[in-house]
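The block underneath contains the structure these notes are about, expressed in structure tokens.
Just so you know, all these numbers are worked out from the coordinates, no wet-lab data involved. What you are looking at is a predicted structure, and each value in this text was computed from that prediction instead of being measured. Cβ: placed from backbone, ideal geometry, glycine included. Neighbour counts: every protein chain shown.
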Amino acid sequence: MDLSSIFGTLMSKDGISGIAAKTGASSFDIKNVLSSALPQLISGADKQNTDANTSQGFVNALSQHAQKDTSNVSGFLGNVDLLDGSKIIGHLLGKDGAGNVAAQTGVSSANTSNILSSAAPLLMSLLGKQFSKEKRSMGSHIVEPGSEDSLKKQAEEIINAMSDNNKPVRKPTASSRANTQSRKSAIASASSGSGEPKKFIKKKKD
């Protein structure tokens with residue numbers, strides 16, 4: 001399953017800002033919680049789909065969530081039902097799942113719970129669409145067993161790539177270009193004659 005697109009959507013600029021608007025949590029905390037929890041959530045979804053006791057209900061839930069429009073990520077997150085999200089987290093991570101993520105990340109239990117509850121419905125919708133697109137069947141593995149470490153690495157790589165891409169690029173102004181040219185001219189002038197730049201000589205104190 002193409003999990004990179006799912007991770008990318010959840011941790012996109014719109015995804016982070018949408019969860020922040022819904023929960024009041026900082027983008028730093030949201031990134032920490034998602035990078036830690038998403039691999040666990042995917043593993044939990046895999047277990048739900050391969051367990052004979054839960055697979056039918058899980059596939060039905062995926063089908064229902066897949067019908068929701070996720071083209072506007074911010075709008076989707078603004079309308080999520082946190083109670084529904086909390087129930088999803090309980091199914092995928094277990095009773096103490098949110099608490100464990102809070103302990104792993106150092107983010108408060110309340111913020112962790114709200115972040116996960118906001119992200120869970122979007123995760124289920126994206127999983128449902130991907131599940132249908134790839135024509136996966138009930139009982140099939142979503143990910144390879146024991147691949148949680150590689151999923152965590154993938155989530156961290158996406159976070160790091162996003163951080164690099166979101167760094168503001170400062171465009172040179174007219175004054176900065178003039179200063180740069182002035183410095184270049186000074187260096188060229190100091191270097192002329194001997195062919196080497198002049199060294200700074202520390203004056204002796206009287």
query = Near residue 89, within a Cβ-to-Cβ distance under 13 Å, what is the net charge of the other residues, with Lys and Arg +1 and Asp and Glu -1?
reply = -1
task = Could you pull out the trypsin sites (Lys or Arg not before Pro) across the stretch 59-134 that fall in loop regions by DSSP (anything but H, G, I, E, B) with no more than 11 other Cβ atoms inside 10 Å?
result = 95
